[in-house]
Amino acid sequence: MLMNQEEIVSMMIEARDNGSSTLSLSGKGLEVLPPEIGQLTSLIELDLSLNDLTALPPEIGKLRNLTQLNVGANDLAELPPEIGNLTNLTNLQLGHSRMSHRHNQLTELPPEIGNMASLTWLNLYGNYLYELPAEIGNLTNLKFLNLDDNRLTGLPPTIGKLGNLNILDLTNNELTELPPEIGNLTGLKELLLGGNRLTWLPAELGNLNDLAELFLEDNRLTELPCELERLTDLSILYLFGNELGQSDFDFSRLPNLTHVLIETPR
């Protein structure tokens, strides 16, 4: 149900006075988040999804007890540096929602995001990010990072510090290469790289011993490094939509492979 600004402020004051730990303002038609939000210091979960927010007030940084923040499906163009004060946050949703036509429009992340070291789940699906700050490497507790459908042309070497990542989704970006440091992500189970502009893969990908699913479809690859033969836990490998010809790659060295899709040039 849509609410006007006065109703929103009243709802916030009530939540403050009650010492509420959760507050949902999802789908309320919010265009501006009142600064009074900073008074709700007892909040642990805050849902601002499915609104029309173009920015967050600096006061958001006062909610130091927050562990979950959902600002998905808005019109955010930037994040305030104060968001880095949310050091207890474990789940940050800034992505697109298939329930709505709305999507955020972030082109960059503030370096202060690197202060949010408790994050385990970060969703940035469907923004306009061209690059990631080096400070992303400080988020060493991350297990899930979704960067699907952005405009990334490269990754910082510090991405290799995210050794606890289980899922890294880089589908539908503009990546032309991967840093060798990606081979340090030895906790990865799923790596999604489809729909980019990759022409080659670093040999260090062969270090991802726990990788079970690797998606490389719709790139510009002409060959696979033999080091990928070391990925003996791999069960799913998508390679269609590349320019792979005859190669010496030995798929028989991948004993757990159950789904492989390959397409050769006509």
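Derivation of every value follows stated rules applied to the coordinates shown; laboratory data play no part. Only a predicted model underlies this, so the values are computations on that prediction, with no experimental measurement involved. Note that we place each Cβ from the backbone using ideal geometry, even for glycine, and neighbour counts take in every protein chain shown.
Couple of notes before you dig in:
- For residue 223, net neighbour charge (Lys/Arg +1, Asp/Glu -1) across residues whose Cβ lies under 10 Å away: -2
- Taking a Cβ cut-off of under 11 Å around residue 89, the surrounding Lys, Arg, Asp and Glu residues balance to a net charge of 0, with basic ones at +1 and acidic ones at -1.
- Within the chain, the longest segment free of exposed loop sites, counting GluC sites (Glu not before Pro) that fall outside DSSP classes H, G, I, E and B and have at most 16 other Cβ atoms within 10 Å, spans 32-77.
- Percent of Cα pairs exceeding the 18 Å cut-off, where the set is the range 7-128: 46 percent
- Only DSSP H runs of four or more residues enter the estimate; each adds -39500 (n - 2.57), and after division by the residues of the chain the mean residue ellipticity at 222 nm equals -1500 deg cm²/dmol.
- Tally of Lys pairs whose C-alpha atoms are under 28 Å apart, taken over the chain, 8 or more apart or cross-chain: 5
- Volume of the Cα convex hull of the range 133-266, divided per residue and given in Å³: 87 Å³
- Nearest-ten-degree value, helix 5-17 long axis tilted from longest Cα axis of the chain: 90 degrees
- Estimated vicinal HN-Hα couplings, Hz - the range 112-122 in sequence order (Karplus 6.51, -1.76, 1.60; Gly, Pro = x): 4, 4, x, 7, 8, 5, 7, 4, 10, 9, 9
- Cα point-scatterer Debye curve for the chain, base-10 log of I(q)/I(0) at q = 0.14, 0.15 Å⁻¹: -0.93, -1.02
- Cut-off 10 Å between beta-carbons: net charge of the residues surrounding residue 193, Lys and Arg +1, Asp and Glu -1: -3
- Remark: the range 186-199, residue by residue, has Karplus-estimated 3J(HN,Hα) of 6, x, 5, 9, 10, 10, 10, 10, x, x, 10, 10, 5, 9 Hz, where x stands for each Gly or Pro and the curve is 6.51 cos²θ - 1.76 cosθ + 1.60 at θ = phi - 60°.
- Residues in the range 89-96 carry Karplus couplings, in order, of 5, 10, 9, 10, 10, 10, x, 6 Hz; the curve used is 6.51 cos²θ - 1.76 cosθ + 1.60 with θ = phi - 60°, and Gly or Pro positions show x.
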